[in-house]
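Asks: Please read through the structure below; I'll follow up with questions.
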Amino acid sequence: MHDRLILLTNDDGLWAPGLEFLARVASRFGRVVAVAPDRNRSGISSALSLHGILRLQDLGGDRYACDGTPVDCVLLGIRALLGRTPDWVLSGLNHGLNLGEDVFYSGTVAAAFEGRLQGSRAAALSMHPEADTARVEPWLQTFLERWESLELPENRIWNLNFPKGEAKGFRLALQDNRTYHDVVERREDPRGKTYYWIGGNVGPTYAMTPGSDAEAALGGWVSLTPLRLDMAWRA
Ligand code: MN
């Protein structure tokens, strides 16, 4: 039995099937404690709840629902529950890929960054909405078996995206560019008041740059992208 301590979180909420799947696979590698939002918090990035109280609901079996953000979950998990830095912080598996500039909006990726800031080895894990977990499982298992031996400088996390269908293999990939169509729809509620809806029906468009995460994950590969906390440009 491993004595690793593994903190699990996500941005889709504690009851998301992707988290349950990740917990099942991760439990082969150590003790898994899941602290995740009590609702879907996708797209909330690194938001911190600084102006309100937070509550944790103990659901038993090392599972906790938190009424805060994914980053709140990592902080509370480490500082209030575990009492020590976990060996791994795993975030996911997100319902939907996190490619290109998605990583700036993603709560999944933000939670992994927070894990790294707290001193843990950290990864953000996402899968295509049509991915089949039975096919993802052996690739996830292989990654978790090997990632401690992958050399990564400080302040880096792994961003993984699992494709739909049978994966062709792992691809080390760079970050692609995504075009946001930034559709903001103006609608009217039943009482005649205006409201707005961000999104629309236009899906994301990726540049599909050779060697990028989008080219890999949308082409059937498991994309592995090291992301850095320090975003400053160096000549
Ligand atoms: Mn999500």
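Asks: Residues that are without any contact (Cβ under 8 Å) to a residue 40 or more places away in the chain: list the strands (runs of 3 or more DSSP E) wholly contained in the stretch 111-188 that include at least 2 such residues.
Replies: Per the criteria, 121-127, 183-188.
Asks: Considering each residue of the stretch 2-21, count those that are of a type outside the set (S, T, N, Q), in a loop (DSSP other than H, G, I, E, B) and either more than 16 Å from the ligand (Cβ to nearest atom) or under 14 Å from the mean Cα position of the chain (by Cα) (or both), and give that number.
Replies: 8
Asks: Does any residue of the stretch 193-206 turn out to be within 22 Å of the chain's Cα centre (by Cα), surrounded by 13 or more Cβ atoms within 10 Å (Cβ to Cβ) and part of a loop (DSSP other than H, G, I, E, B)?
Replies: Yes, the stretch 193-206 has at least one match.
Asks: Now a separate question. Within the stretch 40-62, work out how many residues are away from the ligand (no atom under 16 Å from the Cβ), open to solvent by 50 Å² or more (accessible area, probe 1.4 Å) and either out of contact with any Phe, Trp or Tyr (no Cβ under 7 Å at 6 or more places or on another chain) or not charged (D, E, K, R) (or both).
Replies: 10
Asks: Further, regarding this structure: Counting only residues that are among the small types (G, A, S) and at positive phi, which one in the stretch 144-174 is most open to solvent (accessible area, probe 1.4 Å)?
Replies: For the stretch 144-174, the residue satisfying everything is G165.
Asks: Regarding G203, is this residue modelled with pLDDT of 95 or more and within 16 Å of the ligand (Cβ to nearest atom)?
Replies: no
Asks: While we're looking at this one, here's another question. Check A217 against each of (1) at pLDDT 95 or above; (2) under 30 Å from E166 (Cα atoms); (3) open to solvent by 60 Å² or more (accessible area, probe 1.4 Å) and name the one condition it does not meet.
Replies: It fails just one condition, (3).
Asks: Hey, another quick one. Determine the pairs where a residue that is open to solvent by 100 Å² or more (accessible area, probe 1.4 Å), located within the stretch 221-235, has a partner that is modelled with pLDDT under 95 with Cβ atoms under 6 Å apart, the partner being 6 or more residues away or on another chain.
Replies: Between residues of the stretch 221-235 that are open to solvent by 100 Å² or more (accessible area, probe 1.4 Å) and residues that are modelled with pLDDT under 95, there is no close pair.
Asks: Got a number for residues in the stretch 101-110 being in a helix (DSSP H, G or I) and more than 15 Å from the ligand (Cβ to nearest atom)?
Replies: Residues that pass the stated criteria total 0.
Asks: Counting just the residues of the stretch 63-100 that are within 17 Å of L140 (Cα to Cα) and more than 12 Å from the ligand (Cβ to nearest atom), which one comes out farthest from the chain's Cα centre (by Cα)?
Replies: Applying the filter and picking the extreme gives W88.
Asks: Residues being of a type in the set (S, T, Y) and open to solvent by 10 Å² or more (accessible area, probe 1.4 Å): count how many of those fall in the stretch 63-94.
Replies: Looking only at that region, the number is 2.
Asks: Quick check, is R24 in a helix (DSSP H, G or I), more than 16 Å from the ligand (Cβ to nearest atom), modelled with pLDDT of 95 or more and not aliphatic (A, V, I, L, M)?
Replies: It is true that R24 is in a helix (DSSP H, G or I), more than 16 Å from the ligand (Cβ to nearest atom), modelled with pLDDT of 95 or more and not aliphatic (A, V, I, L, M).
The values are calculated or read from the model by the stated rules, or taken from the named source; none is laboratory data. Treat the numbers as computed from the prediction; the structure is a model and nothing was measured. Quick reminder, even Gly has a Cβ in these numbers, built from the backbone with ideal geometry, and neighbours come from all protein chains shown. The accessibility values were calculated without ligands, DNA or RNA, using every heavy atom of the protein model including side chains. Shrake-Rupley method; radii C 1.70, N 1.55, O 1.52, S 1.80 Å.
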